[in-house]
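The values are calculated or read from the model by the stated rules, or taken from the named source; none is laboratory data. It should be emphasised that the depicted structure is a prediction, and the values quoted were computed from it without experimental measurement. Note that each Cβ is placed from the backbone with ideal geometry, even for glycine, and that neighbours are counted across all protein chains shown.
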Amino acid sequence: MTDANYIYYSDLVGTMFFAISGAMAANRKNIDMFGATFLGFVTAIGGGSLRDIFLNLRPVWVNDGNYLVAILIGVSIALLANERLDKYARTLSLFDAIGIGFFTIVGVQKSLIYDSSTIAAVVFGMFTAVLGGVIRDTLMNETPLIFRKEIYATACLAGAITFILLRNTGLNNSWCAFIGAAVVFVVRIVSIKYRLFLPAVGEYKKR
Amino acid sequence: MTDANYIYYSDLVGTMFFAISGAMAANRKNIDMFGATFLGFVTAIGGGSLRDIFLNLRPVWVNDGNYLVAILIGVSIALLANERLDKYARTLSLFDAIGIGFFTIVGVQKSLIYDSSTIAAVVFGMFTAVLGGVIRDTLMNETPLIFRKEIYATACLAGAITFILLRNTGLNNSWCAFIGAAVVFVVRIVSIKYRLFLPAVGEYKKR
Amino acid sequence: MTDANYIYYSDLVGTMFFAISGAMAANRKNIDMFGATFLGFVTAIGGGSLRDIFLNLRPVWVNDGNYLVAILIGVSIALLANERLDKYARTLSLFDAIGIGFFTIVGVQKSLIYDSSTIAAVVFGMFTAVLGGVIRDTLMNETPLIFRKEIYATACLAGAITFILLRNTGLNNSWCAFIGAAVVFVVRIVSIKYRLFLPAVGEYKKR
């Protein structure tokens, strides 16, 4: 399997995992099967699609039906194995940490290829990994998780910045990508294990 | 009137109807006249605009001012005839069912013309019909109706799939379109009449 | 400094101010520092980005890193000077009224340059000034302020229409722009001073 193939299939698998987590979120509210499918779809394609729209590109899933098939498989897994998946929450958060590492670096690279500024590429790397979840939470009428819980988007920013800095040293691109994704993974897992949080802003004022 | 003319004016009329329903939704909350106009606008152009943005096209209403005029007429009708319209809820839901049938097929056709995959075209057909309402509900800080009530987006998916399957049989395009839209209409009306729902996912857990 | 330079730096300063107000909004909820930064970013670039996306253009901040630097400065000011800024709410609302006047006219002009219809240009002028705040409020799970409070978006519409009408008289473009922005400012400040509101639609029905 060539490198390009490898990235393509990783992208499909990552999309499927995001669809699983999106559809599982529907459990939290009284949402029907269509809603669960829609939320799985939005979680899976939201981040990458917004990045592509900002770059004035057509998102890949519009032309390549395989992404939508991956999403349907992910949603089906979530609907069928719903309660079992809840038991594997810990394992899932490991996969999630791998997933956001992968998507962050994919997002940075695509942005740089299409001539975004370096700082925008860092933002887009993070967007690719987290914005699908933000849209999902917003549609479900909740304050997005990433604004109020744990170090998540910040881990993506750390990995994206690492990747950019390493690239400037002239290190081989694959190594930069691998180390950048690893930084996302490690920061995320360490922050879960030691319950690290970012400080909240101001006082909490009940409205 | 030519076919193209017919579709163009249907599109304007449909846009006006969606603006009416969007502005009427403002009734549910303490929203001012600007808010009602904005919600009418978003409901009317949201679905088609998102489809066009995903296809990397400029939405039609940006260049053709007639769509915004149609929306202003729709919003004015809603604001002036507000309470009377409430009495005609049943008639309005008939028009709505016709409208979503029409917009679904328009959405599928435009997506195929601009080279989306077949499965994405089905998604975009449904998007064209329902996403304006999803954005409206989200802006009003409510869980979108289509996630929790009745068979609505699912009717659009059924019609879109029917249209695609018929096209593959080589049937005349106008007939495919008409039958596809009719499927949306019938599924929608039957589900209202017999109070059919999709099953909810998981247990409802009050948060 | 040339005219173009002047507009460019005004744009950066305006972006910074919007980032301040966006990050300050995080104070209202239990949001962490990343969330505050994200909300500052969204408030600052949301309106102009949506306008550009509707026009099928790439938003300026994607290629020009200075906008993101301006946002980071704005967010830092908001986080460091948080409580002091609260004391200057009145001064800030003056700057805000200048800012929305400026952004409205910039939005109308850019839309006309890129061939939108006149009526769409009015809408985009208002969008440029207010949509960032709408997205911020929606992400924070609140009904957008502009739907329920004060004359804000309406002031932008008034200024945008004034600008378009003056242009048609053949008046020098800089004067049209200045008068249009002044109309936004005056309508906004007068409505604050005399507590003017738009009428709400229908009866408020608690759901």
Query raised in the report: Could you say whether any residue in region B:136-156 is acidic (Asp, Glu) and farther than 22 Å from B:TYR194 by Cα?
Result: yes
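Looking at A:VAL75, is it of a type in the set (Val, Ile, Thr), crowded, with 20+ Cβ neighbours inside 10 Å and touching a Phe, Trp or Tyr at 6+ places or on another chain (Cβ under 6 Å)?
Numbers: of a type in the set (Val, Ile, Thr): yes; crowded, with 20+ Cβ neighbours inside 10 Å: yes; touching a Phe, Trp or Tyr at 6+ places or on another chain (Cβ under 6 Å): no.
It is false that A:VAL75 is of a type in the set (Val, Ile, Thr), crowded, with 20+ Cβ neighbours inside 10 Å and touching a Phe, Trp or Tyr at 6+ places or on another chain (Cβ under 6 Å).
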Query raised in the report: Applying the selection to region B:70-129, what residues are in contact with a Leu (Cβ under 8 Å, 6 or more places away or on another chain) and hydroxyl-bearing (Ser, Thr, Tyr)?
Result: B:SER111, B:TYR114, B:SER116, B:SER117, B:THR118
Requested in this report: For region A:40-56, state whether one or more residues are surrounded by fewer than 18 Cβ atoms within 10 Å (Cβ to Cβ), within 7 Å of another protein chain (Cβ to nearest Cβ) and either closer than 25 Å to A:VAL187 by Cβ or free of Cβ contacts under 8 Å to residues at least 60 places away in the same chain (or both).
Outcome: yes
Requested in this report: Can you confirm whether region C:33-42 contains a residue that is in contact with a strand residue (DSSP E or B) (Cβ under 7 Å, 6 or more places away or on another chain), of a type outside the set (A, V, I, L, M) and more than 19 Å from A:SER116 (Cα to Cα)?
Outcome: no
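Of a type in the set (A, V, I, L, M, F, W, C), farther than 23 Å from C:LEU50 by Cα and in contact (Cβ under 8 Å) with a residue 60 or more places away in the chain, is that true of C:ALA129? Steps first, answer last, please.
Numbers: of a type in the set (A, V, I, L, M, F, W, C): yes; farther than 23 Å from C:LEU50 by Cα: no; in contact (Cβ under 8 Å) with a residue 60 or more places away in the chain: yes.
So C:ALA129 does not fit the description; no.
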**Report entry** Yes/no for A:ILE100 being more than 8 Å from every other protein chain (Cβ to nearest Cβ) and either closer than 30 Å to C:PRO59 by Cα or without any contact (Cβ under 8 Å) to a residue 24 or more places away in the chain (or both)
**Finding:** yes
Report summary line: Flagged in region B:1-39 as without any contact (Cβ under 8 Å) to a residue 12 or more places away in the chain and among the β-branched types (Val, Ile, Thr), in numbering order, are B:THR2
Report summary line: Filtering region C:122-154 down to residues that are facing chain B (nearest Cβ under 10 Å) and among the small types (Gly, Ala, Ser) yields C:ALA153
Query raised in the report: Taking region A:142-192 as the search range and keeping residues that are of a type in the set (S, T, N, Q) and closer than 21 Å to A:LEU131 by Cβ, which one is modelled with the lowest pLDDT?
Result: A:THR143
Query raised in the report: Looking at region C:24-39, which of the residues that are modelled with pLDDT under 85 and facing chain A (nearest Cβ under 7 Å) is surrounded by the most Cβ atoms within 10 Å (Cβ to Cβ)?
Result: C:ALA26
Query raised in the report: Would you call A:ASN5 within 27 Å of B:TYR114 (Cα to Cα) and out of contact with any Pro (no Cβ under 8 Å at 6 or more places or on another chain)?
Result: yes
**Report entry** Residue match in region C:74-95 (condition: acidic (Asp, Glu) and under 21 Å from C:GLY47 (Cα atoms))
**Finding:** no
Report summary line: Restricting attention to region B:73-96, the residues that are touching a residue at least 12 places away in the same chain (Cβ under 8 Å) and within 19 Å of B:LEU12 (Cβ to Cβ) number exactly 8
Requested in this report: May I ask you to list the residues in region A:57-72 that are at the interface with another protein chain (Cβ under 9 Å from one of its Cβ atoms) and either buried (at least 24 other Cβ atoms within 10 Å of the Cβ) or modelled with pLDDT under 90 (or both)?
Outcome: A:TRP61, A:VAL62, A:TYR67
Query raised in the report: Is one or more of the residues making up region A:107-114 within 14 Å of chain C (Cβ to nearest Cβ) and of a type in the set (Lys, Arg)?
Result: yes
Query - Test result for C:LEU165, more than 14 Å from chain B (Cβ to nearest Cβ) and either under 22 Å from C:PHE41 (Cα atoms) or free of Cβ contacts under 8 Å to residues at least 24 places away in the same chain (or both) - result: yes
